[in-house]
1. Using only helices, what value at 222 nm comes out for the chain when you add -39,500 (n - 2.57) per DSSP H run of length 4 or more and divide by the total residues, to the nearest 500 deg cm²/dmol?
2. Put a dot 7 Å past each Cα toward the Cβ at Thr103 and Asp151; how far apart are the dots in nm?
3. Taking the chain, how much of its Cα-Cα pair set, in percent, is spaced more than 26 angstrom apart?
4. Which Cα, out of Ile141, Tyr153, Thr72, lies furthest along the positive dipole direction of the chain (beta carbon charges, K/R +1, D/E -1)?
5. For the stretch 129-143, in order, what is each residue's ³J(HN,Hα) by Karplus, 6.51 cos²θ - 1.76 cosθ + 1.60 with θ = phi - 60°, in whole Hz (x at glycine and Pro)?
6. For helix 26-40, report the angle its Cα long axis makes with the longest principal axis of the Cα atoms of the chain; keep it between 0 and 90° and round to the nearest 10°.
7. Report, in degrees rounded to the nearest 10, the 0 to 90 angle that the Cα long axis of helix 166-178 makes with the longest principal axis of the chain.
8. Taking a cut-off of 13 Å, what percent of all Cα-Cα pairs in the stretch 30-80 are separated by more than that?
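Bear in mind these aren't lab numbers, they're just calculated from the coordinates by the rules spelled out. Note that this is a predicted model, so its numbers are computed, not measured. Neighbour counts are summed over all protein chains in view; Cβ atoms, including those assigned to glycine, are modelled from backbone coordinates with ideal geometry.
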Amino acid sequence: MTLHKWSLLTVLFSLAVLSAASAQTADTLFSQAKSTARAQHKNVLMVFSASWCGPCKLYERFLEDPQMKPITEKAFIVQRIDVGEMPNDSKHADTPGGVALRTSLGASGTNEPGFPFIIITDPSGQPIVNSYRNGDTKDNIGYPAIPKEFDWYIEMLKRGAPALTPTDLAATHTWLQNHSPHAAH
């Protein structure tokens, strides 16, 4: 093996080790989000999702949409936590401690709540509301795709985002309706 190839392999191995060592825990990510939320006088929007999850991708599209992102960021520090990744997936892994954090913040510990699972907390980390519709642990709205889910998501925002105006809430509701996988296009 030439010196150049050996050097390249050494660098690649070192980067892989550093990447694995720098994987942050869910508790660390949540602590950082809470700190930022306190400093910016916002709440925390925790999104527990998985890379393979279709509704999670829809929710991510919603959060990143040019119309929705400023509304979301007006009220929240968004923190994504990976849970439910497939054990044989070499490209994706659960955020260490993600499932335990999700459970400690109110997800049912007895069965998988579904994806995405959304929790709004205050800046100290106390849960305000989550995506279990009306508190029913068998009814996680995930990505809001039908009218009863739109309504619960708006209720979540009313409870967890006092900075949002009626205009913001109406724009959010309309966006969800117009982008629903069930909408007539």
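1. Computed mean residue ellipticity for the chain: -14500 deg cm²/dmol.
2. It works out to 3.3 nm between the two label points.
3. Above the 26 Å cut-off, the chain has 36 percent of its Cα pairs.
4. Thr72
5. Using θ = phi - 60°, the values come out as 7, 9, 7, 6, 4, 6, x, 7, 5, 9, 9, 6, 6, x, 7 Hz.
6. Orientation of helix 26-40: about 50 degrees from the principal axis.
7. Computed tilt is about 70 degrees.
8. 59 percent
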